[in-house]
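The next block holds one structure in the form of structure tokens; read it before the comments.
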Amino acid sequence: MMKKIFMFFVLIIWAYPVLAQDKMVTGVVTDANDGVPLPGVNVLVQGTTNGTQTDFDGNYTISASEGDVLVFSYIGTKTQNITVGTSNTIDVSMSEDASQLDEVVVTALGIKRQKKSLTYATQGVDTKSIDEARPQQDLVNSLQGKVAGLSIQTSGSGVSGSSKVVLRGNRSIAGSSQALYIVDGVPLGGDISNLSPDDIASINVLKGANAAALYGARANNGAILITTKTGTSDVTTIDFSTTLTADTGNIMFNYQNDYGQGSAGIFNSTSTGSWGPRFDGSSVANWSPSPDITQSLPYTSQSNNVNDFMQTGINIANNISIRTGNEKVRTFFGYTNENREGIVAGNELARHNVTLKIDNKMYDDKIELSAKVNYIRTETDNILDTGEAFTNPWRHAYRLPRNIRTSDSEVFEYIATDGNVLQNYWKPGDNGGANPYWTLNRNQNESVNDRVIGYASLKYNFNDKLSLMVRTAVDNSTTFREDRDYNDSYIVADNGDYETTNSISIEWNSDFLFSYNEEINDDFNFNINLGGNSRMAENKYIFTDNQGLNAPNIFAISNALTLTAEQDFNKEKVNSLYTFGQVGFKDALFLDLTYRSDWSSTLPFDNNRFDYYSAGLSAVISDMFTMPEPISFLKLRGSYAEVGNDTNPYAIFRTANTVAGGFVQLEASQPNTDLKPERTQSLEFGVDARFFNNRLGLDFTYYKSNSIDQLFPVSVDPAFGFSTRFVNGGDIQNKGIEAILTGTPVQTNDFSWNVSVNFSKNDSEVLRLANNLESLVLETGNSFFRQFELNVGDPWGNMYSRGFVRDDEGRVLVNDDGTPQVTDGKDVLIGNYNPDWLGGISNSFRYKNLSLSFLIDIRQGGVVGSLTNAILASDGALQSTTIGRDGTLVFGDNVFGNLAVVKSDGSTNDIQTDAETFWTAIGGRNAPVGEAFVEDASNIRMREITLGYSLPSTLIDKTPFRNIKLTLVGRNLFFISNNASVDPEVITDPSLASSDGYESFSPPTTRSLGLNLKFGF
Amino acid sequence: MKIMKNISLFFGMVMLLASCTDDFEETNTDPLSFAIPAIEDSELLQGQAFAQAQYTSMMGLHWRFQISQNLFSDIWCQYFATTASGFDSDRYVQVGNWADLAWSSFYEESLPQIILVEDATEATGNAVGNAMIKIWKVNAFHRITDYWGPIPYSEVGNTDLEAIPYDSQEDIYRSFFVTLDEAVAQLNANLDQVAFTSGDRTYGGDPAKWLTFANSLRLRLALRVKYVDPVLAQSEAEKAVNAGVFLSNDDNAYVSVDEINRNPLETITDWGEFRMSATMESILEGYEDPRLPQYFAPAVDGDSDGDGSGYEGLLNGQTKVSLETSKNASHSDLSSLYKDTALGGVNPPIEVLTAAEVYFLRAEGALEGWAMGGSAEELYALGITTSMEQREVGDATSIAAYIASTNTPIAFEVGAEPVADIPVAFGGDAEMQLEQIITQKWLALYPNGWEAWAELRRTGYPKQYARVQSENSDVAADEIMRRMVYVSSQFDTNFESVSTAINGTELNGADNNNTKLWWDKK
């Protein structure tokens, strides 16, 4: 293999073109950060098409005349203009452009623009370490802590799963508040969880609706723009990267280690709770129902039995990228192979990700043809079920009684006297309980996902000013999943259960775009664009189930006792026409205008069009007026946008469905045949300023958005004959600020220090719901713990649960038996998840070839409610339950001592009770007192650390290698401070609007530590 | 400028293309469902909607059945006791989420079907189908009003109103009899018509069968109002018996089930959350009742309390602490008939009304001196016989011996008291005879706890063991739950109406579990 690569390398050298010249200018382009030669830097003689790229050693040669200006540009660095003088050698050192002010950014529809001309907030993400400190789940997790105004919460499903990504606050009552993903100018149907970080060239986050008016309705939540790598026009590079990381879980529940199984202080080997006697080392009966397992067990604390459930997760990722091409054809090829093992045995993922991207210029560059295919195959075993799913192994692992020994519980099955293989569990057949090792080994699933993302694009340049682009792009994903639950799993069909799910989703966009640029004179230029888009999205799935199996544990559809199936299908089409343009004056004042019309199939047929628009102004003050010395750059910007949105398919007619067995069931919802499209109105102002020769930068944004006329179902009295009604209403307001401070405190040849701080604060308020509607309960996933309500005048995200009953003076009332009086319904506000503010501090240091960077991620404020804690408390598993087991617990005194608790006569509570009575009264699953199990969600964590070393070029020059770099990486390494016993960031179901701030048997937070090795030719 | 002209021409064409949305209407039509007019136009679809009304109003889906019947009326009438520590309803807590779902399982799932079929049969002149849905509506609504008392009834489906008002239970019951009169008249006029055929999960659309069902239902409702309006009760009961009620098990009203839409008990028995009650053990074992093995199975652990029998009942209202220890293996599960088919179950049809119940209703009427076509004692014996035949236990001799037996209930465990002292053999004063009739009816109704709880409230029988614990300050452990408290979703969506019902004369008491319903007047 190495030999072949070496041959390849030799061939490239040999084929290196020798150019004709007036005068040949040569030089080496290096990275100012670490002195390493930079390949693929564009070198252009300004005002001509004469250009080249640096080779693998950073060398370039270009013909130029004295007085010509050479433009050196490279992504992520400051573009340099150097006038050719008498010397034939020009060496250039490209420095990182932290502010990226001069950067050309990719905006709507893949159009590249100078950042300084933008009228809205966009933040480029440093993608340099994205392929080193690889996130373990969803690629988007790489952005955690890096982008002001971005909130990411991760899924509890293990090594795979999609995160919940919200920019500038939740806004949609019934739909999604999540950002739209755009890859290479094309909106995806799904997320980016399975994209390869090695393919990523740059990421830009367009935060407001302002930025996104051109991507259509779905971008009213902001957009994350990803540009993938392309080939080169001169040089071939081959890069290898391999990463090995180890993940460990961190269980933070405060377990007690003094008492074991039982109740009322009496040992019972079938107990799920730990309310037995104090550990005394005596021998007790074996809990196993197996007739063959009878030896007595030591009655001692097994303080590590929950930790033992975890293993070290291992992730291995390998990538090869080839970038090649010439002036006419540029080709990028990437292949990434990933294998992940989770912290729970059997939770595994294997992924192959292949990308081929070709950009072709033809007919004197009149025609540009581009095509990309990205094929991703992901095989996932045992995606962790979340929350209260009985197949969620954490539901059972966390609840291990404190005396159950790991080695005993690992024996998860036994052969009963009748020959059946049964679950080895201490309380057989218990409601919802299981041996966690049984769940791990006998409740299994596997799924295979095939995804193809691709496009073909043709651009015709009529002349320098006018061009036409036509493009068609597809994101097609198919998943086949099987679930296998063995006989003797709780609430599972007898003899086992076998389910299959087949789902297909496709998003297909076809576009055309006319662009016209005109420079009227030196001061004025404008461009105008006219485009259209036709979008089709379709989802379908078929699910099969059974009423049990005939032959035990044979998982085949033909073995179903009674085969049942479900099916779903939905489809929508949206056609759009839009125009946008920009007028620039003296390259310092820019006016942006957009207008778009959408026709959506989901709206009433005779009223299916909605229009929206945006306007923005950007003024580079520092280019207009002479600034005081410290100010090197100053720009003011402001914009307003209004974006429309349609609704879900089939929402405007009431229909009925057939139900297997010969039933017809009416839909419960009364549709609104008179739907108005939703609108988001968004206003923002910003300042970009740089000081002290660009050593210090500040990017500040104020925004306000109102989402009005939302389409959402409202519960109505079902005695009308329907239980929900679709209404147009709502005004959800989000306003806030975002600030990004960048600085270079130290910059010398050998040592540099860059720092970037981001801060964001969002305040939401429900201004209006609908006529006569002051309060709305959002979909809660039927949680017994809490409900999520929108109340007019309150912020988004208030959680309600049961609480302690209080008297007029706010004192908590106690029952005669010493337990708290508890409200009947979930009617007590227990808090709001949304943080007061979010922040991130990123530092990067370089000393010669050594670089170190770390990112501290801060969230301040908000709460998280934990069902797990409520259940562990009623199980007697927590340290807090050791107080007053002998009947000396006094509510408001030795537990909840911060509360003023009074008896019915108003005197201070002194009623003694025992811990088991107390905690089973307020904890547990079905009616927990949420107020008692809510925690402050503030935390500060070490999000990311990378320590890299590049072999110096003096060493490498004698080898075939272009570069060799070794990086130590760490992600989510530790909490600098954390007030909760859970990780508030890990949520049960990222697709639910109401999943925020609720912990229900989530996996523990994990830290990753790894090593990345890169080398290139 | 030629090029600009070309561009504008091009864009004109594109505008036309993009706004070309001819197929949008088709795109926005769900291929997997159909519109309401299609149902109204098709008697086949009407029948399938009728079938869904039948299945859903009996809470056919397992979890809906569990949170509406099994965890409330089945537990409160002491057919079963729960063994899951988190199931608070056995300690007389009306768990809010479940009650909300019990309400919505009827009003959201079943009611729209009833309205749809009623409107469609009326619009299409389907007189038999219309009579059937009217009878079914009475059957469905009496269960709901028996749970809560005043409920939205007469104006349901009236979208011209701002809010649907609650009707008093008295008004509802009185209108039930009128509705049954209308339905009976429609059926009598169209006895040669068959409606819905396979869409009718009870009688295949046979109008004659529906007539006897309507009359038997009238009899049940008549006895229900016995204490509050004896005159109405007698006249309706006699009208029913004269018109012809169920006489044998062939007449019984069931909602049939299939392999997919199953008997809900059959699924929830798999979940291991309830066991035979102590009251059941005391009565069935004391009477040496041959139905015992049909109803329950011996405990897995056998005779764990040393009372000489492997059938073990559990006292209701166990504390959370006591349920920390699993009670499942040490107490009797349901018999295999009600278990999953893989475990020997038969997936039985859902019982709506049986001939055995009808005989006990007639026996009670006869006890009052009403013309019920027999003496109380005769009808009591026929009730027992019909129930035994329904359960396929015993022969004529053994049934006769059972009816004559002087056995009384026994202690469910060593050291306990028997739950009651009445023998099977009919006798004693009128009150004792009533207790015997209702106790036997309670046994015959099993597992229809919905009806058993209503009759427990109305008559106070059968006598029950006090619960171990009540966590409800309104209802003590030795008292009976009298009704369901209104559900929170009604306070959210129909606040004015539910408040009016509570504060006005409709409920006539606080919205508590100890407020007696209109017919609960003994």
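Each residue of segment A:299-309 was assigned a 3J(HN,Hα) from its phi angle through the Karplus curve 6.51 cos²θ - 1.76 cosθ + 1.60 (θ = phi - 60°); the sequence is 8, 9, 5, 10, 5, 9, 5, 6, 4, 4, 5 Hz, with glycine and proline shown as x.
Ordered by the number of other Cβ atoms lying within 10 Å of each residue's own Cβ, fewest first, B:492, A:592 fall into the sequence B:492, A:592. Its Cα gyration tensor gives segment B:250-313 an equivalent ellipsoid. The semi-axes, each the square root of 5 times an eigenvalue, are 27, 17, 9 Å from largest down.
Between the alpha-carbon centres of segment B:305-354 and segment B:485-522 there is a gap of 34 Å. Each residue in A:969, A:746 was given a count of other beta-carbon atoms within 10 angstrom of its own, and listing them fewest first yields A:746, A:969. In the calculated pair-distance distribution of segment B:270-392, the portion above 23 angstrom amounts to 45 percent of the Cα-Cα pairs. In this structure, the pairs whose alpha-carbon distance is over 26 Å, taken from A:328/A:573; A:78/A:635; A:903/B:320; A:229/A:965, are A:328/A:573. Annotation: amide H of residue A:367 within the under-5 Å range of A:362, A:461, sequence separation 5 or more or interchain, hydrogens built in the peptide plane. Kirkwood radius and radius of gyration were both taken over the C-alpha atoms of segment A:434-571, and their ratio Rg/Rh is 1.36. Here the contact order of segment A:513-645, divided by its residue count and restricted to Cα pairs under 8 Å and six or more residues apart, works out to 19 percent. Report the Cα centroid-to-centroid distance between segment A:47-87 and segment A:998-1017 in angstrom, as an integer. Centre-to-centre distance over Cα atoms comes out at 40 Å. According to the Cα-based calculation, Rg over Rh for segment A:759-831 is 1.08, with Rh computed by the Kirkwood formula.
For segment B:192-351, a simple Cβ point-charge model (Lys and Arg +1, Asp and Glu -1, everything else neutral) yields a dipole of about 660 debye relative to the Cα centre. Straight-line cross-link reach from residue B:209 at under 16 Å between alpha-carbon atoms covers these lysines, not counting any fewer than eight positions away in the same chain: B:134. Considering only B:470, B:415, B:437, the residue lying farthest towards the positive end of the dipole of segment B:403-506 is B:437, judged by Cα position with unit charges set on Cβ. Charge tally around residue B:162: other residues with Cβ under 12 Å, Lys/Arg +1 each, Asp/Glu -1 each, net -4. In this simple spin-label model, placing a label point 7 Å from the Cα along the Cα-to-Cβ direction at both residue B:429 and residue A:522 gives a separation of 12.0 nm. A compact globular protein would have a Cα radius of gyration near 2.2 N^0.38 Å; the ratio found for segment A:561-602 is 2.51. Given contacts defined as C-alpha pairs under 8 Å and at least six residues apart, what's the relative contact order of chain A, whole-number percent? The normalised contact order for chain A reaches 11 percent. What is the Cα centroid distance between segment B:151-205 and segment A:839-904, reported in whole angstrom? Using only Cα atoms to place each centre, the spacing works out to 57 Å. Starting from the Cα of residue B:516, draw a straight line to each of the lysines and keep only those under 25 Å, dropping any in the same chain fewer than 8 residues away. Straight-line reach from residue B:516, under 25 Å: B:137, B:226, B:441, B:463. Helix B:2-18 and the longest principal axis of the Cα set of chain B meet at an angle near 30°. For segment A:394-496, the Kirkwood hydrodynamic radius comes to 18.1 Å, computed from all pairs of different C-alpha atoms.
If R0 is 35 Å, the Cβ-Cβ spacing of residue A:593 and residue A:79 corresponds to a FRET efficiency of close to 0.80. The helix-only estimate of mean residue ellipticity at 222 nm for the protein assembly as shown, built from DSSP H runs of length n ≥ 4 each weighted as -39500 (n - 2.57), is -5500 deg cm²/dmol after division by the residue total.
Listed by chain and number, the aspartates and glutamates whose alpha-carbon sits under 14 Å from that of residue A:540, ignoring those within fewer than 8 places in the same chain, are A:507, A:566, A:568, A:572, B:30.
Over segment A:389-436, the Kirkwood radius and the radius of gyration, each from Cα atoms, give a ratio Rg/Rh of 0.97. Taking the three principal axes of the alpha carbon atoms in segment A:839-975, the coordinate ranges are 88, 26, 25 Å, sorted in descending order. A simple spin-label model places pseudo-atoms 7 Å from Cα toward Cβ; at residue B:417 and residue A:605 they are separated by 7.4 nm.
Listed values for segment A:929-942 are Karplus-derived 3J(HN,Hα) couplings in whole Hz (6.51 cos²θ - 1.76 cosθ + 1.60, θ = phi - 60°), namely 8, x, 4, 7, 10, 10, 10, 5, 8, 5, 7, 10, 9, 7, and x replaces Gly and Pro.
The convex hull of the Cα atoms of segment A:839-918, projected and averaged over all directions, covers 9.3 nm². Listed by Cβ neighbour count within 10 Å, with the fewest neighbours leading, B:25, B:281 appear as B:25, B:281.
Evaluated at q = 0.29, 0.30 Å⁻¹, the base-10 log of the normalised Debye intensity for segment A:337-399, with identical point scatterers placed on the Cα atoms, takes the values -1.13, -1.16.
In vacuum, with every alpha carbon of chain B counted as one equal point scatterer, what does the Debye formula give for log10 I(q)/I(0) at q = 0.05, 0.13 Å⁻¹? Two decimals, please. Scattering profile of chain B, log10 relative to I(0): -0.22, -1.35. The ellipsoid equivalent to the alpha-carbon distribution of chain A has semi-axes of 53, 33, 30 angstrom, derived from the gyration tensor eigenvalues as √(5λ) and listed largest first. Summarising the label geometry, the points placed 7 Å from Cα in the beta-carbon direction at residue B:258 and residue A:326 lie 6.9 nm from one another.
Helix B:376-390 axis versus longest C-alpha principal axis of chain B: approximately 60°, rounded to the nearest ten.
Here, each number is a calculation from the coordinates, and none is a lab measurement. Keep in mind it's a predicted model, so treat the numbers as computed, not measured. Reconstructed Cβ throughout: ideal geometry from the backbone, glycine too, with neighbour counts over all protein chains shown.
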